[in-house]
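Some notes on the structure that comes next.
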Amino acid sequence: MVQITLPDGSSKQFDQSVTVHQVAESIGPGLAKATLAGEVDGKLVDASYRLDRDARLRIITGRDEEGLELIRHSTAHLMAQAVKRLFPDTQVTIGPVIENGFYYDFARDEPFHPEDIERIEKEMERIVAEDIPVSREVMERDEAIRFFRDQGEEYKARIIADIPADEQLSLYRQGDFIDLCRGPHIPSTGKLGAFKLTKLAGAYWRGDSRNEMLQRIYGTAWPDKKQLKGYLKRLEEAEKRDHRRLGRQLELFQFQEEAPGAVFWHPRGWTLFLTLIDYVRKRQRQAGYVEVNTPDVMDRGLWEISGHWQNYRENMFTTQTEDERVFALKPMNCPGSVAMYKQGLKSYRDLPIRMAEFGKVHRYEPSGALHGLMRVRHFTQDDAHIYCTEEQMEAECRKVIELNLSVYRDFGFDDVKLKFADRPESRIGDDATWDKLESALKGAIDGMGLSYDYNPGEGAFYGPKIEFVLRDAIGRDWQCGTLQVDLNLPERFDATYRTAEGGEKRPVMLHRALLGSLERFTGILLEHHSGNLPLWLAPVQAVVMNITDAQADYVARVASELEQAGLRVETDLRNEKIGYKIRGRTLEKIPYLLIAGDREVEAGQIAVRRRDGTDLGAMAVDDLIERLRAEVANRGTIDDNERQGNE
RNA sequence: GCCGGUGUAGCUCAGUCGGUAGAGCAUCGCAUUCGUAAUGCGCAGGUCGGCGGUUCGAAUCCGUCCACCGGCACCA
């Protein structure tokens, strides 16, 4: 007698042992067909798993999160089987589930080509049609190693060698294909079908660039075709909000071959950039910062003192002048900042000194890392260095965190995560100092009751850090601000302050960035809003247009009134139909289109149309100004739906 | 940096088998003076990413370099 308890609390009796699948059958044929696996007493098992004693059972189908993972995992196996059929000389390695899909890494002399992908997909479909049963078997470790070696699967043998000796090895067989796998898997290949292979890539064995490169194929898989289609549609939508595309469409910036990783800002893009700086500058001033500026090119000696020459050399642009002096373009602002701190004597009464700088830094990023505005070689940081006493350190950290979070809120990012990164392998300073810094920084976050993720070994070479990670409208994470505490640079530069007792002490130095790279933040904003920037950020906030030449003077007058009121306005007096002008300006994602015909001129009004197509009717110019000013002041978006894209 | 792919007019893209290039939109000109997402007609626009090679002849084939795209590695 076996008693199986189901999630709804009901239970079923069986005379003898039953499989998960049989239990499903006893409930209904529809469920039996949909069954992919089971969860027995909290543990995932195959549908063929036999229950021989009382247990709690949950049937897993494509509707469950676990079911979806199973589908993806089994589709990865399906792909591997197809690849082995078509390219028998290929070795399989690993094939995990990832967000929205899976990948599988193959070892092969000849790389895959896009045409191969189509063939592999076709072969996968064939295997699905064959509806091959998937079965599990357990093998001894040595036997398994021998088994895979015999088949020329060296990588599998290496993977097994790394599995702890006490762990049971399971193999999954589907027809002619056998793979080492923890499982569970779907019962037969016929359960799959809604998949697509998406990307081809090289990937290092075990993720280490010193190892050989494998051929990775990415794919996506879903319980049904409809969900697959939905996913592919979402990918398309995401492409539309690509900031590189928007940058061209909205005439914000350009890139050029001669300057890889460097931005050419067009008037509209630069207006946006300056708007960000204005905003940050204002917030910093209110928070007690002063603003400074330090040189871009400084002597090698300075970088030797700071440790950059030893720790960061391969990322630095250098230049040599005729007199043989070696200079470096600053990859960070901190050494210049300390140099400035050291000018003249500092008293404990001066501290904390909060020194901000919109410094343009230059980092020689690997060519393959460059990506639009998101990863460039020359970028502007909204950087600051705070010099304070050890006693002030925690309070200063807290203020930085508060300021950062408040600023992100103003940009509409409410979902912000903190990551704590501690000492990296390559670093300066002794362990006692690091202990002190790490615990102080951690204390500041804990004291604020904030939660954080832990990022071991990811700190800066001079100190531990907190990273601020923003989640955008389509769920992607972006690291923006950072906060780092540092005793090392003050030490290396021998920075001091006069204490109340008349002695000398080292200040603590906090490094912090708010938006991080302004270039990158611009890109994030563009993608977050699909280019529909909120009024306060839009480079051109309104375009005033006439219907016929008769209103040209009036339009110019209205535009200048709006400009007087501090708005960014353009006119469109072209001899074109109003529908044509509206279409063009809408595609430019201008927030407000203001139209004057004879009616408006007569009434001294202006007709107002919003970017999303809403007609606000005619209103007096003063009323419009009041309205726009209010919208700028509260940093509102015209319409939150616009974030979803409006094309 | 590594693997794969791509590079043709300002933009988006077509170009067969190697026979010195084509569309739409935009620009410009003319006509039109018009009421909320495209008025009509016309002109002009290209070192086919750079360099080298094969060939009677190269956008097309080969080599090499550069940039970009998708990943990997990197992101102090």
Checklist entry - Which ones in the stretch A:189-225 are within 9 Å of RNA strand B (Cβ to nearest atom), hydroxyl-bearing (Ser, Thr, Tyr) and part of a strand (DSSP E or B)? => result A:THR198, A:TYR204, A:TYR218
Checklist entry - Is it fair to say A:SER170 is away from RNA strand B (no atom under 16 Å from the Cβ), closer than 19 Å to A:VAL83 by Cα and either among the polar types (S, T, N, Q) or touching a strand residue (DSSP E or B) at 6+ places or on another chain (Cβ under 7 Å) (or both)? => result no
Checklist entry - Which of the residues that make up the stretch A:464-501 are more than 14 Å from RNA strand B (Cβ to nearest atom) and among the β-branched types (Val, Ile, Thr)? => result A:THR496, A:THR499
Next on the checklist: Of all residues being over 29 Å from A:GLU390 (Cα atoms) and among the aliphatic types (A, V, I, L, M) in the stretch A:320-367, which is farthest from the chain's Cα centre (by Cα)? Just the residue, please.
Outcome noted: A:VAL326
Checklist entry - What residue, among those in the stretch A:489-525 that are over 30 Å from A:ALA538 (Cβ atoms) and among the β-branched types (Val, Ile, Thr), is nearest to the chain's Cα centre (by Cα)? => result A:VAL508
Checklist entry - Under 8 Å by Cβ, and 6 or more places apart or on different chains, what pairs join a residue from the stretch A:471-491 that is more than 20 Å from A:CYS334 (Cα to Cα) with one that is polar (S, T, N, Q)? => result A:ALA473/A:SER530; A:ALA473/A:GLN644
Checklist entry - Would you call A:ASP116 crowded, with 18+ Cβ neighbours inside 10 Å, touching a residue at least 24 places away in the same chain (Cβ under 8 Å) and of a type in the set (D, E, K, R)? => result yes
Next on the checklist: Just to be sure I understand the filter: pairs with C-beta atoms under 6 Å, separated by 6 or more residues or on different chains, first member in the stretch A:312-330 and in the same structural domain as A:TYR364 (by TED's automatic domain parsing), second member surrounded by 10 or more Cβ atoms within 10 Å (Cβ to Cβ) and assigned to a helix (DSSP H, G or I). Which pairs pass?
Outcome noted: A:VAL326/A:ARG300; A:ALA328/A:TRP303
Checklist outcome for this item: Okay, helices (runs of 4 or more DSSP H) sitting entirely in the stretch A:546-640 with 3 or more residues that are basic (Lys, Arg), at positive phi and within 16 Å of RNA strand B (Cβ to nearest atom), I get none
Checklist entry - For residues in the stretch A:78-98 being closer than 15 Å to A:ARG216 by Cβ and part of a loop (DSSP other than H, G, I, E, B), which is farthest from the chain's Cα centre (by Cα)? => result A:PHE87
Checklist entry - Among (1) part of a loop (DSSP other than H, G, I, E, B); (2) buried (at least 16 other Cβ atoms within 10 Å of the Cβ), which single condition is A:THR75 missing? => result (1)
Checklist entry - Out of curiosity, is A:ARG476 crowded, with 22+ Cβ neighbours inside 10 Å and charged (D, E, K, R)? => result no
Checklist entry - Got a number for residues in the stretch A:417-463 being more than 9 Å from RNA strand B (Cβ to nearest atom) and either within 20 Å of A:GLU396 (Cα to Cα) or not assigned by TED's automatic domain parsing to the domain that holds A:LEU514 (or both)? => result 25
Checklist outcome for this item: Flagged in the stretch A:203-220 as surrounded by 12 or more Cβ atoms within 10 Å (Cβ to Cβ) and either touching a strand residue (DSSP E or B) at 6+ places or on another chain (Cβ under 9 Å) or under 30 Å from A:PRO133 (Cβ atoms) (or both), in numbering order, are A:ALA203, A:TYR204, A:TRP205, A:MET213, A:LEU214, A:GLN215, A:ARG216, A:ILE217, A:TYR218, A:GLY219, A:THR220
Checklist entry - Of the residues A:ALA80, A:ALA34, which is at pLDDT 95 or above and of a type outside the set (Ser, Thr, Tyr)? => result A:ALA80
Next on the checklist: Any residue that is more than 14 Å from RNA strand B (Cβ to nearest atom), modelled with pLDDT of 95 or more, outside any helix (DSSP H, G or I) and not acidic (Asp, Glu) - is there at least one of those in the stretch A:232-253?
Outcome noted: no
Checklist entry - Of all residues in the stretch A:434-450, which are in a helix (DSSP H, G or I), over 9 Å from A:GLY463 (Cα atoms) and either basic (Lys, Arg) or touching a residue at least 40 places away in the same chain (Cβ under 8 Å) (or both)? => result A:LYS436, A:ALA440, A:LEU441, A:LYS442, A:GLY443, A:ALA444, A:ILE445, A:GLY447
Checklist outcome for this item: Of A:ARG268, A:ARG285, the only residue that is modelled with pLDDT of 95 or more and over 30 Å from A:GLU402 (Cβ atoms) is A:ARG268
Next on the checklist: Just checking, does the stretch A:221-235 include any residue being among the aliphatic types (A, V, I, L, M), crowded, with 18+ Cβ neighbours inside 10 Å and more than 25 Å from the chain's Cα centre (by Cα)?
Outcome noted: no
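The values are calculated or read from the model by the stated rules, or taken from the named source; none is laboratory data. Given the structure is predicted, the values throughout are model-derived calculations rather than measurements. Quick reminder, even Gly has a Cβ in these numbers, built from the backbone with ideal geometry, and neighbours come from all protein chains shown.
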